[in-house]
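Shown next, in structure tokens, is the structure this report addresses.
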Amino acid sequence: MSPETVGGLGARLRRGETTPAELAAQARGALQSIEDLHPVLRYTDALTERQAGRAARMLAESPERAGPLCGIPFAYKDVLCVEGVETSAGSRILEGFIPPYTGTAIQRLLDAGAVPIAVTNCDEFAMGSSNENSAFGPVGNPWDPSRVPGGSSGGSAAVVSAGAVPFSLGTDTGGSIRQPASFCGVAGFKPTYGRVSRYGLIAFASSLDQIGPFTRSVEDAAHVFTAMAGHDPRDSTTSPLPVEPVATQVARGVAGMRLGVPREYMAEGLEPGVRAAVLAALAELEKLGATLVEVSLPSTEAALSTYYIIAPAECSANLARMDGVRFGLHVDRKSLTDTYLETRGQGFGPEVKRRIMLGTYALSSGYYDAYYRQAQKVRTLIAEEFDRAFESVDALVCPTSPIVAFPKGDKSDPLSMYLCDVLTIPVNLAGLPGISIPCGLSQGLPVGLQVIGPRLGDAQVLRVAHAYEAATAWHAQMPPSSPTATGTPS
Amino acid sequence: MTSTSAVSTLDQVMERWEPVIGLEVHGQLLTRSKMFCGCSADYIGSPPNSNTCPVCLGLPGVLPVMNRVAVEYTVRSALALNCEIPEHSKFDRKNYFYPDLPKGYQISQWDMPLSLNGHLTFTVDGEEVRCGITRVHLEEDTGTLQHAGDILQQARSSVVDLNRAGVPLMEIVGEPDLRTPAQAREYLVRLRQILVYIGVNDGNLEQGSFRCDANISLRKHGDTGLGVKVEVKNMNSFRAVHRALEFEIVRQGRLLDQGQTIAQETRGWVEAKGATISQRSKEYAHDYRYFPEPDLPPLRLSAEFVDRVRAGLPELPQQLAERLQREHGLSAYDAANLTAEREDARAFEALVAAGVPAKAAANWLMGEVARLARETHTPLQGSGLGLEGLASLVKLVEAGSINGSTAKELLEELYLAGGDPAAVVRERGLGQVSDQAELERLVDAVIAENPAAVADFQGGKEQALQRLVGGVMKATSGRADARVVTGLLRERLAR
């Protein structure tokens, strides 16, 4: 029993065997049945109904012209703005904030006929690696509810992992799509920076944030990516280059491709089970005709500290607008300063405060050169090392996370939490595309294989991932106790 | 000697101390839309917070998109101020909390501005002054606040209006090259004139579309170091700038004379008190934590773009004044006056092109027309009379068809109402009485009726002649040529 993919559901919709409204109702029921995991913050019922109707009309008018996402239910992370639907970024400070506009990525999905069902839980302002920083409570991993689903897009990973919706949207600033995908045993794709518009994404770190999908197959990730990607006049950092047709490339296989294995990513610190699963995956890729090449990315060890300068610096400014003056929480005090202090003091959680303080410090007069400027230089070095690696290889393959999903409460020390993202962060710093796909189990928990491509090499990444997926069965593995929600035999 | 220095006058202070003044000017750009969104940049008169959108309200999730015209206007301004335009520039975030700043940061430019190293030269009291311009950069304006009390922190309640938030704002940072309030004032007058000429700013100090902050410190004559500087704000007229600087010079001079130190601070000019007062506003320490704006890619301006903007620059006021002197023989004074506003210079050239002699055109424009324009708040070009009407009126005078006073009356009457001066003169018979026999008859009559005045004149009282001239003018309802009448009277009485 495996839940259906976007492709499978689409075929049934086109054959008239089901309707968008029926799929939406099934998805909503499935999400409700996993509420004890707490992956959903709210349902989009009014919008769901409207959009299901729109999808039904699109299918009725022209089943051929309706794209692969038409009528397909999905959930999205609580940092993406949709007109009329509360968006709180997992934070008390934005509780009750209802955006008067819809962001570009979701607008493109709506235009493709996809049907939103729910808004998913996440770490507050996407800051975290376990979803335990959500102001609205943690999320359980469908594979073991006592463990974390990863973060920050934990809710989005969990709902796909449990089979409740065929896809969901997350955002990835330092690994926030790939790491939870790895922990929950699903595909999680972070496109090239600038490939998907950030307009409507509540910013954590603007130069690193990117929207991407969680799916049950690489092909589905390609469908969702294709629908969202491309230049957006509202986001000046989107690439003006046309999006290459991903679908045709994805199925070409890896025979003849050169795949790099970064030595530093296979170093000590990997859990033995993770190492074993990834080594087996590498062997599989070799069997499929790829040539494996060891490469070196020596600046990797500096990536984490670089990230923890740049991301907090940007967030310290991005979160300044949460001041209680125009929207969200407002704690009324006699003076302006006290109103600021109390609103932000009560509205933000401890991790968000920590990062605002870190960033404010790093940008302060007298410290800027030592921290921020230095970090920018290292960031350039890291990007250049990747560029050099891609001169000799088509893609890089490595673990997504050095560990599998850990028990809730296990990493109360911030630094040990930050270390979870050591293998995903360099990809954001360099603006590269990366995907995590399931490649085995360790202690009965999913392990993720990460594929990294050169800038705008999104199709290459999907191609390698798809080849591996087609040759293995890990993607079909379901959490032991999960209800296969939209499930019919496949 | 402290007792006398405590009451030092401006002149006394300036004998002992040399003021060092640098001005920062902010000018709103006359673009159609705001700096980073599609809202109108013309926000005056909109109901509060109506001229806004998610972007300029700083809602979560929105992104800025650069207004290309604002970049072009800034480059145009920088070129008019002799600046260099680097190929690469970028935008930065300037971070501070204030309710009129929706994002909690202002998008501005820090270490890579659009332009650098310009200058402005002008003349004060016959002396040429050259003031360096450090940079001209581009940023966004803030919203506006209204609150009871002088500063927000003490206000009971405040209201925020974000209609102005995000309007393109150009900052022109001047070097501390100015030494007197008069120089500072003239710098501002010239700067404003240039910005208005090139069509990037409307130069309205009162409404704040052209604003100025001043940095001022004092030092001993001959010193090359700089004293502790004070920033002065809230000056919304040229006169206010002049007065505030004079006040600061005296205030600082007296403190220094008493051996006190100057506090580095921001002070606000209070017009009603005629004084600056210390302000405790915004942040206590100014650490704006600038860093590159990640939402906007760095800007690259090609040499072709810069050349195109340069080629599109209109004639600047100084060049125009020099040309008017050269081509029309105007005095430097007249030329400077006529070029103060570009429209005046245009009107002058149009009148001359229509056949009006240059001197007459200049006199009419700077005299009667300027007065009427001021009194009626209507520029000549927008008046009923218009340029053509004025040309026709002045030509009637030049041809001797009507006299000067008739022309002034007609100008006043037709300025707003409009009409063809030649036709009005014909219809009302306002033409000058030029029939020699008729004039002689009237002169004789006036002499006969005023024996006392005649006696006075012949007794040596020159001004008695004016009474007789007045008599003739009255008899012709003012239509005689006073010079001709005076000539005739002298001729008759000399016999």
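Points worth noting:
- Candidate lysines - alpha carbon under 24 Å from B:Lys408, same-chain residues fewer than 8 apart omitted: B:Lys359, B:Lys395, B:Lys474
- Label-to-label distance, B:Arg467 versus A:Asp332, with points set 7 angstrom from Cα along the beta-carbon direction: 8.2 nm.
- Globularity ratio of the stretch A:338-434, using Cα Rg and 2.2 N^0.38 Å: 1.41
- Candidate cross-link partners of B:Lys90 among the lysines, defined by an alpha-carbon separation under 23 Å and a same-chain spacing of 8 or more, comprise A:Lys377, B:Lys34, B:Lys103.
- Pairwise centroid distance, computed over Cα atoms, of the stretch A:220-270 with the stretch A:380-438, Å: 15
- When the stretch B:1-103 is described by a simple charge dipole with +1 on each Lys and Arg Cβ and -1 on each Asp and Glu Cβ, the residue from B:Trp17, B:Asn51, B:Thr74 located farthest towards its positive end is B:Asn51.
- Solvent-free Debye calculation, one equal scatterer per alpha-carbon of the stretch B:5-303: log10 I(q)/I(0) at 0.08, 0.15 Å⁻¹ equals -0.36, -1.26.
- Top positive-direction residue, dipole computed over chain B with Cβ charges, set B:Val196, B:Ala353, B:Val424: B:Val196
- B:Glu438/B:Glu206 FRET efficiency (R0 56 Å; Cβ-Cβ; nearest 0.05): 0.55
- Straight-distance crosslink candidates among lysines, where the alpha carbon sits under 26 Å from A:Lys411 and sequence neighbours closer than 8 are dropped: A:Lys77, A:Lys190, A:Lys353
- To the nearest 10, the accessible area of A:Lys408 is 80 Å² with a 1.4 Å probe.
- Each semi-axis of the equivalent ellipsoid for the stretch B:43-193 is √(5λ) with λ an eigenvalue of the Cα gyration tensor; in descending order they amount to 32, 21, 13 Å.
- As a fraction of the 1.4 Å probe accessible area of the stretch A:337-395, surface on carbon and sulfur atoms comes out at 53 percent.
- Projecting label points 7 angstrom from Cα along Cα→Cβ for B:Ala455 and B:Glu388 puts them 5.8 nm apart.
- Neighbour net charge for B:Glu343 - beta-carbon separation under 15 angstrom, K R +1, D E -1: -1
- q = 0.08 Å⁻¹, the protein assembly as shown: log10 I(q)/I(0) [Debye, one scatterer per Cα]: -0.86
- Compactness of chain A - radius of gyration and Dmax, Cα, Å: 21.0, 70
- Lysine pairs within the stretch B:209-310, Cα separation less than 19 Å, 8 or more sequence positions apart or different chains: 4
- Interface area, chains A and B: about 2900 Å² of buried accessible surface, summed, with a 1.4 Å probe and ligands, DNA and RNA left out.
- Averaging 1/r across all pairs of distinct Cα atoms in the stretch A:1-92 and inverting the result yields a Kirkwood radius of 14.4 Å.
- With protein chains left intact and a 1.4 Å probe, residues in the stretch A:301-379 average 44 Å² of accessible area per residue.
- Rg/Rh, computed from the Cα trace of the stretch A:301-379 with Rh as the Kirkwood radius, has the value 1.08.
- A Förster radius of 45 Å, combined with the Cβ-Cβ distance separating A:Gln249 from A:Tyr367, puts the computed FRET efficiency at roughly 0.50.
- Threshold 30 Å² - residues in the stretch A:178-201 whose accessible area is reduced by that much or more when the chain is no longer isolated, probe 1.4 Å: A:Arg198, A:Tyr199
- Computed over protein heavy atoms with a 1.4 Å probe, the carbon and sulfur contribution to the accessible area of the stretch B:436-494 reaches 52%.
- Using a Förster distance of 22 Å, the FRET efficiency for B:Glu327-B:Thr123 (Cβ separation, nearest 0.05): 0.60
- Over the stretch A:27-78: Rg over Rh, Cα atoms, Kirkwood Rh: 1.06
The values are calculated or read from the model by the stated rules, or taken from the named source; none is laboratory data. Just so it is clear, the model here is predicted, and its values are computed rather than measured. Cβ sites come from the backbone with ideal geometry, for glycine too, and all protein chains shown count toward neighbours. The accessibility values were calculated without ligands, DNA or RNA, using every heavy atom of the protein model including side chains. Shrake-Rupley method; radii C 1.70, N 1.55, O 1.52, S 1.80 Å.
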